[in-house]
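Undergrad: Pasting in a structure now, in structure tokens, and then I'll have a few things to ask.
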Amino acid sequence: MNKWEYFLDQPVDIPAGLYETFKTKPVKKVKNNQIIYRQGEIAKYFYYLKEGKVQIFVTSLEGLEKNLTIYGKGEIFGEASFFDGFPRISSAKTIADSEIITIDKADILQYFQKDPFLALNFIELLSKKVRMLSNEIDNISFLSAEKRIAQYLLNLNREANGSIDSTQEDIGKAVGVSRVTVSRTLNKFSQNKWTEPKYKKILVLNPAALLDFLES
């Protein structure tokens with residue numbers, strides 16, 4: 001399998017049993033740019049994202065933010081601290097109007113008691129996320145800044161249909177490079193007619209060319 005098939009924020013298929021269980025829960029509608037949970041909190045819940053987008057990020061003691069990943073429709077987030085009992089190591093906020101289902105311990109115990117195979121399904125789901133996280137660490141360690149930016153754009157483009165709502169600062173935080181590097185790279189992509197910059201947006205004109213560059 002090509003390693004680029006495993007991006008960190010690639011949607012992970014939820015096993016049918018879990019999906020059918022989660023979708024029966026009440027849905028909370030959350031507007032864009034709202035905090036779901038904060039770094040350092042004790043996790044009482046984890047979440048199923050029925051619609052929308054959620055960004056996961058960490059904040060340094062100096063107040064600097066580093067974006068970790070973005071979750072889309074049909075994904076689970078916030079489950080690691082929920083299960084290990086330690087304070088959350090990251091924060092989550094919506095980056096689009098979203099519909100979120102909250103799962104607590106009483107829910108998950110009830111689900112597992114009713115159908116023990118759901119526990120195995122959940123382990124399978126978490127294993128897939130660990131695989132993708134491992135791949136992302138490998139990418140951060142070995143990919144050039146330009147390729148990390150290309151990967152980030154391709155990830156977002158799957159949901160954005162060619163028009164990505166993201167600033168240069170957002171991209172820099174997400175891939176761990178300076179805004180100057182992002183600007184220089186986007187200028188190069190624009191000259192190649194792979195992307196086109198707009199106000200607080202980036203149009204992806206040629207995703208196939210970006211992927212070829214990523215795999216070169």
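The values are calculated or read from the model by the stated rules, or taken from the named source; none is laboratory data. This is a predicted model, so every value here is computed, not measured. Note that we place each Cβ from the backbone using ideal geometry, even for glycine, and neighbour counts take in every protein chain shown. Ligands, DNA and RNA are excluded from the accessible area calculation, which covers all protein heavy atoms including side chains. Shrake-Rupley method; radii C 1.70, N 1.55, O 1.52, S 1.80 Å.
Undergrad: Within the stretch 179-213, how many residues turn out to be of a type in the set (S, T, N, Q), open to solvent by less than 70 Å² (accessible area, probe 1.4 Å), in a helix (DSSP H, G or I) and more than 16 Å from residue 148 (Cβ to Cβ)?
TA: 1
Undergrad: Of all residues being more than 15 Å from residue 144 (Cα to Cα) and in contact with a helix residue (DSSP H, G or I) (Cβ under 7 Å, 6 or more places away or on another chain) in the stretch 156-178, which is modelled with the lowest pLDDT? Just the residue, please.
TA: Residue satisfying both the conditions and the ranking: 157.
Undergrad: I've got another one for you. In the stretch 93-116, is there at least one residue being in a helix (DSSP H, G or I), open to solvent by less than 60 Å² (accessible area, probe 1.4 Å), at pLDDT below 80 and within 30 Å of residue 185 (Cα to Cα)? Before you say what the answer is, go through the steps one by one.
TA: Of all residues in the stretch 93-116, those in a helix (DSSP H, G or I) come to 105-114.
Okay, now just the ones that are also open to solvent by less than 60 Å² (accessible area, probe 1.4 Å), so 107-108, 111-112.
Of the ones still in play, those that are also at pLDDT below 80 are 111.
Going one step further and asking which of them are within 30 Å of residue 185 (Cα to Cα), we end up with none.
No, every residue in the stretch 93-116 fails to be in a helix (DSSP H, G or I), open to solvent by less than 60 Å² (accessible area, probe 1.4 Å), at pLDDT below 80 and within 30 Å of residue 185 (Cα to Cα).
Undergrad: Output the residues belonging to the stretch 17-48 that are more than 12 Å from residue 95 (Cα to Cα) and in a strand (DSSP E or B).
TA: Correct list: 28, 29, 37, 45, 46, 47, 48.
Undergrad: Of these, 55, 34, which one is more than 16 Å from residue 125 (Cβ to Cβ), modelled with pLDDT of 85 or more, surrounded by fewer than 20 Cβ atoms within 10 Å (Cβ to Cβ) and of a type outside the set (D, E, K, R)?
TA: Working: 55 fails: surrounded by fewer than 20 Cβ atoms within 10 Å (Cβ to Cβ).
When all the criteria are applied, what remains is 34.
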